[in-house]
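Have a look at the structure below before the remarks.
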Amino acid sequence: QVQLVESGGGLVQPGGSLRLSCAASRSIFGANSMGWYRQAPGKQRELVATIIRGGSTRYADSVKGRFTISKDNAKNTVYLQMNSLKPEDTAVYYCRTSWTIGTYWGQGTQVTVSS
């Protein structure tokens with residue numbers, strides 16, 4: 001069983017920054033893709049950013065230019081740097097990683113953007 005543990009969420013004022021981390025219990029070197037999703041109250045879970053094995057990245061239009069996804073294979077960790085945060089970014093953020101053996105989700109970390 002693979003475990004993904006997110007951290008880095010919290011309360012931040014509009015315009016502020018946070019960096020989320022997702023640590024995997026197995027090597028991410030061979031992962032097909034790693035991504036961040038979010039779910040706000042009363043809304044469906046949506047893709048925020050993803051990075052595939054070759055290093056290509058994709059972002060939701062709502063976060064382009066503000067969020068950056070990256071990974072550190074040596075630490076088996078994927079990151080989401082979030083800048084210029086807005087109240088509408090408030091949600092539970094989930095890490096998702098896909099290997100040939102299966103796809104796994106983290107437990108989620110709450111991000112609240114409020115003054």
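The values are calculated or read from the model by the stated rules, or taken from the named source; none is laboratory data. Fair warning: this is a prediction, and the values are worked out from it, not measured in the lab. In this analysis, Cβ positions are derived from the backbone assuming ideal geometry, glycine residues included, and neighbour counts consider all displayed protein chains. Just the protein is used for accessible areas: all its heavy atoms, side chains included, with ligands, DNA and RNA removed. Shrake-Rupley method; radii C 1.70, N 1.55, O 1.52, S 1.80 Å.
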Notebook entry, point to check: Would you call Ser7 within 19 Å of Thr103 (Cα to Cα) and among the polar types (S, T, N, Q)?
Noted result: no
Next item on the list: Within the range 18-58, track down each residue that is surrounded by 13 or more Cβ atoms within 10 Å (Cβ to Cβ), in contact (Cβ under 8 Å) with a residue 24 or more places away in the chain and either assigned to a loop (DSSP other than H, G, I, E, B) or of a type in the set (Lys, Arg) (or both).
Entry: Arg19, Arg26, Ile28, Ala31, Arg38, Ala40, Arg45
Check: For the range 61-69, does any single residue satisfy the condition of being more than 23 Å from Ser115 (Cα to Cα), surrounded by 15 or more Cβ atoms within 10 Å (Cβ to Cβ) and not acidic (Asp, Glu)?
Finding: yes
Check: Among (1) of a type in the set (D, E, K, R); (2) without any contact (Cβ under 8 Å) to a residue 60 or more places away in the chain; (3) surrounded by fewer than 16 Cβ atoms within 10 Å (Cβ to Cβ), where does Lys86 come up short?
Finding: (2)
Note to self: Looking at the range 10-22 only, could you name the residues that are more than 17 Å from Ala49 (Cβ to Cβ) and out of contact with any Lys or Arg (no Cβ under 7 Å at 6 or more places or on another chain)?
What the structure shows: Gly10, Leu11, Val12, Gln13, Gly15, Gly16
Item checked: Checklist (1) more than 18 Å from Lys43 (Cβ to Cβ); (2) open to solvent by less than 60 Å² (accessible area, probe 1.4 Å) applied to Val92, failing item -> (1)
Next item on the list: May I ask you to verify whether Ala74 is farther than 24 Å from Ser115 by Cβ and part of a helix (DSSP H, G or I)?
Entry: yes
